[in-house]
1. Let me know the mean shielding of A:233-244 by other chains, meaning the per-residue number of their Cβ atoms within 10 Å of its Cβ.
2. Show the residues, 5+ positions off or on another chain, whose built amide H is closer than 5 Å to the amide H of A:V139.
3. Whole Å is fine, so just give me how far the alpha carbon centre of the range B:247-274 lies from that of the range B:115-171.
4. Do you know which residues of the range B:35-60 lose at least 10 square angstrom of accessible area in the protein assembly compared with their chain on its own, with a 1.4 angstrom probe?
5. Once phi is turned into ³J(HN,Hα) by the Karplus curve 6.51 cos²θ - 1.76 cosθ + 1.60 with θ = phi - 60°, what whole-Hz value does each residue of the range A:297-304 show in order, with x for glycine and proline?
6. Would you mind working out the magnitude of the charge dipole of the range B:161-212 relative to its Cα centre, with +1 at each Lys and Arg C-beta and -1 at each Asp and Glu C-beta, to the nearest 20 Debye?
7. Under 10 Å, Cα contacts only: if you run a Gaussian network model on chain B, which one of B:D321, B:D71, B:D135 comes out with the highest mean-square fluctuation?
8. Return one quarter of the surface area of the convex hull spanned by the alpha-carbon atoms of the range A:98-224, equal to its mean projected area, in nm².
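The values are calculated or read from the model by the stated rules, or taken from the named source; none is laboratory data. Note that this is a predicted model, so its numbers are computed, not measured. All Cβ positions, glycine included, derive from the backbone under ideal geometry; neighbour counts span all protein chains shown. SASA here: full protein model, heavy atoms, side chains in, ligands and nucleic acids out. Shrake-Rupley method; radii C 1.70, N 1.55, O 1.52, S 1.80 Å.
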Protein chains: 2
Amino acid sequence: MKKIINNPNNVVEDMLHGMVAAHPEYIKKLDNANVIVRKNSPIKGKVAVVSGGGSGHEPSHAGYVGTGMLDAAVAGAVFTSPTPDQVYEAVKAVDGGAGVLLVIKNYSGDVMNFDMAKDLADMDGIKVESVVVNDDVAVENSTYTAGRRGIAGTVFIHKIAGAKAEQGASLEEVKRIAEKVINNVRSMGMALSSCIVPAAGKPNFTLGEDEIEIGMGIHGEPGTHRENIKTADEITEHLVNKILDDISIEKGEEVAVMVNGLCSTPLMELYIVNKKVNEMLQSKGIKTHKTFVGEFMTSLEMAGYSVTILKLDDELKALLDEPANTPAFKNIK
Amino acid sequence: MKKIINNPNNVVEDMLHGMVAAHPEYIKKLDNANVIVRKNSPIKGKVAVVSGGGSGHEPSHAGYVGTGMLDAAVAGAVFTSPTPDQVYEAVKAVDGGAGVLLVIKNYSGDVMNFDMAKDLADMDGIKVESVVVNDDVAVENSTYTAGRRGIAGTVFIHKIAGAKAEQGASLEEVKRIAEKVINNVRSMGMALSSCIVPAAGKPNFTLGEDEIEIGMGIHGEPGTHRENIKTADEITEHLVNKILDDISIEKGEEVAVMVNGLCSTPLMELYIVNKKVNEMLQSKGIKTHKTFVGEFMTSLEMAGYSVTILKLDDELKALLDEPANTPAFKNIK
């Protein structure tokens, strides 16, 4: 295992200290927990949006803490759900009196632990609501998950619910818009290679020299099948068709697109993928309002990518276009 | 070779079409050349800043075309200098009458071909000046290079010269500030693994299972030496010390830092590196004004990173803080 780390047991702490050192204008770390919060937290009267999960998916989620997105990100150990206590500390640190929305990716451990934190906060009289993201159309009831997994589409929930909260909306309104995004977003991915959890020190799955996995999860959970590598166009066509089979998008409707690199895939290849995504949408008369190409929800050093399509209406479009200013996501209106 | 591509001979064209499809609000492609220009080019009366080089270093350089950075980026074949004709087409497309500054990374082919383009433009009466970036402190006179190589520090030239041009400065002033950045910027990198040029289909160097290369170039050119992998702190200490040995930065002076991932290194590890960089600078009483952590100048799928340190004065600091809005680099003042 070649990794640029010090002690495998301290990778999350080392990373979080390095993040705060890099971005003190945006974020700070809580002293008593692996939680990154907005520098000016809590913001009085503003609904706070909190997300998190296991580490190893950077910039998710701490990279999205800042104006117009998250108020806090809870960093569990690598590929491990944060504890209820950690989430509870995050909630207490960012509640400005208007309540807190928890954005949870659909993994059984995350759902359970975020829910327990909600119960703890309820006892303190903090209003907490939650939404569960399940955008991955590949498989139902995967390892770690009942139902569908939450993957890169989660970043659209952060962006849009964060913009709504920034405008001063109520907790009920922020939750309503988050659920609307969840209903309208779909993703699917593929991998060329596995990743190595630092404490394990070996790949969590292996693929043959010409083999790829279609529909795997962001922790290496099995996908729909393995096959020999095909062209970028062929693979992308399969992923986009699976997404469009799952959600009705009519000719003339608008979408936002995210082509997300899992880590080791060159940006060159992500743009080659986007060429095909764009051609497919155009040929169906679907209008692309905005496209994001880069690394948004990674999986340690896994090679591969996912495609996310978010169906827009006027409300979602306006919120997507609102300003955001965070370490990993900036939007200039 | 597993790559997400179609035809290895068309990767640059496919990528550029995918980029324009993703970012039509910023960029367009010239019909007659692999050149990306600002959507609103040419801008009358503004000095244009043009860069480029071989492809395979994305988001360099087309990702930096937009407000406050580049006016055009010339995309050669993978790891191959653009032709003089290509550069000349870029110059003609973006000259708004105030002249053009070429920002060239120090590779013999790039220097020669950009210079020939300058001669062609001179004959047309277009004022063209050029600067050559040589920030890599690792080695002198490497493969492809007389003198030192130009690597990730180039992005600071784009940012700062681009800001100066955006303010309406003359060509002489934009060139002066670009040279000031070049005098003040130093970088050095390390690699855990090689990259694969699509048309070659095999790694351009190989490293042992526990072996790393210190000071290699962004095309896999040899560095100073190979050694067994050490901790992130030990490797980073070596790189930062080599940089600080090469430029005098006094206690109390300010710097900007870039921790640049070459492609396959997780963002988690880049932040672990930044923790050490920050601690070293702090212990020397050097103040970090701004830090950039991410992928700015990549090398196909190479694993590894580089550290760049830019010594600031009030003028450079103010220009670094100016707004920028491009596909890969956004700054909100």
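1. Details: counts 5, 1, 1, 2, 0, 0, 0, 0, 0, 0, 0, 0.
Other-chain Cβ atoms within 10 Å of each residue's Cβ, averaged: 1.
2. Here the answer is A:R149, since their amide H atoms fall under 5 Å of that of A:V139.
3. One Cα centre to the other: 22 Å.
4. With the partner chains in place, the range B:35-60 has these residues losing at least 10 Å²: B:E58, B:P59.
5. Per residue, the Karplus-derived 3J(HN,Hα) values read 9, 9, 9, 6, 9, 4, 9, x Hz.
6. Details: 6 positive and 7 negative charges, 52 e Å.
Here the range B:161-212 has a charge dipole of around 240 debye.
7. B:D321
8. Numbers: hull surface 36.3 nm².
So the mean shadow area of the Cα hull is 9.1 nm².
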